[in-house]
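Okay, structure first, notes after.
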Ligand SMILES: *Cc1c(COP(=O)(O)O)cnc(C)c1O
């Protein structure tokens, strides 16, 4: 079932789009079923669940934290996390850098932007991100690597609105690329699109889709 769903989702993705299989709330057996079908990149939205799965499951899995991250929890994932998708403040990025120093590694991060109409979603505004990227503090944070941007669209059946929100995120990416990352080949990711809206995200330039229920079933 999971492997069939996985194959179906993969068949709809262009080559340049990577698949983050979102395994939150699903047991280790479900992750292993996808793993045995070849999937190696998994996403979780909670630090504790991510850490437990990391410890129990094969070590060649790339674990992405896709959910909101509290500053005081960065230390638990800093030794192993492959990418942190939802960096939404300078304070959080500073702490990730500090934990990167402690663990002697450079931690891959995406800047989360608020693109949805809903009030509850976390993220930078474009101006806030620019202010951080211009700061002298940011330039000293050598143990983080900014790989791109991430965002979540409004939960609505209005496809034109969802597409417009993803296009806004892609536009933020292009502007930041031109202004701060022109010679940085690592700044290339647009993490956007979930089970319900990923075809629209791909239309708008997504390079990473975060898909849970379409692979593992309803939560
Ligand atoms: C749960 C989650 C997803 C995946 O959602 P599905 O609807 O199950 O595909 C993607 N991104 C984030 C940030 C999530 O928390």
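No value in this document is a laboratory result; all are computed from the given coordinates. Please read all numbers here as calculations on a predicted model, not as lab measurements. For neighbour counting, all protein chains shown are included, and Cβ atoms are generated from backbone atoms with ideal geometry for every residue, glycine included.
Some points to look at:
- The modelled label-to-label distance for the pair residue 154/residue 15, using points 7 Å beyond Cα in the direction of Cβ, is 3.7 nm.
- Computed P(r) (all Cα pairs; the range 50-194; 5 Å bins; percent): 2, 10, 19, 22, 20, 14, 9, 4, 1, 0
- Paramagnetic label zone (point 7 Å from Cα along Cα-to-C-beta, residue 167; backbone N under 17 Å) in the range 107-132: 115-117
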